[in-house]
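Participant: Have a look at this one.
The values are calculated or read from the model by the stated rules, or taken from the named source; none is laboratory data. Everything quoted here is computed from the prediction, not taken from an experiment. In case anyone asks, the SASA skips ligands and DNA or RNA and just uses the protein heavy atoms, side chains included. Shrake-Rupley method; radii C 1.70, N 1.55, O 1.52, S 1.80 Å.
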Amino acid sequence: MANVTTFGKVLRKLRIDHSEILGDMATRLGISPAYLSAIENNGRVIPDDLIAKLAQEYNLNDAQIKELEEAKAQTSGAVAVQFENQKENHDYIQTAVMFARDFSKLTSQQIIQLKNLLKEFEDSGAAAYGSTAE
């Protein structure tokens, strides 16, 4: 029995929502059905560009992209941090590295507090830039 990952479940839901079979999705993404199946079933690492391809091919909204990113993180056990324009900002990089190094030392209560704080920052940043995406 295949071990369908969280990411694989989200992919299957996306296929079902578009009335497609695995082969249809694989063709749209330019990969083999066997490779896509292996990604779903934890037999292959999720390619870094797969979410971008899915977003483009299926015209995904921000919530759907976020769901895929969270499913990828849960499946892989890792999160990639994009520095983009902040790569020259020492404080930004140092903070990201602190998260990577020390996150496992936080208590459950601290994680909840941090999550709420980051959500407030995200919401205030979205408001500052006029974004209404959730």
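Participant: Taking percent of Cα pairs over 24 Å apart as the quantity of interest, determine which of (1) 43; (2) 35; (3) 59 was computed from the displayed structure.
Facilitator: Looking at percent of Cα pairs over 24 Å apart for this model, the match is (1).
Participant: In what sequence, largest accessible area first, do Val4, Val45, Val97 appear using a 1.4 Å probe?
Facilitator: Heavy-atom accessible area, descending, gives Val45, Val97, Val4.
Participant: Let me ask something else about it. In what order, largest first, do Lys119, Lys13 sit by accessible area if the probe radius is 1.4 Å?
Facilitator: Lys13, Lys119
Participant: In what order, largest first, do Phe121, Phe7 sit by accessible area if the probe radius is 1.4 Å?
Facilitator: Phe121, Phe7
Participant: Considering only protein heavy atoms and a 1.4 Å probe, what is the carbon-and-sulfur percentage of the accessible area of the chain?
Facilitator: 53 percent
Participant: Report the residue, chosen from Gly23, Gly43, Gly77, that carries the largest GNM mean-square fluctuation when the chain is represented by alpha-carbon nodes joined by springs under 10 Å.
Facilitator: Gly77
Participant: Then there is this: How much accessible area per residue does the chain have, in Å², with a 1.4 Å probe?
Facilitator: Normalised by residue count, the accessible surface of the chain is 72 Å².
Participant: Next question. Heavy-atom accessible area of Arg28 with all protein chains present, probe 1.4 Å, nearest 10 Å²?
Facilitator: Accessible area, nearest 10 Å²: 90 Å².
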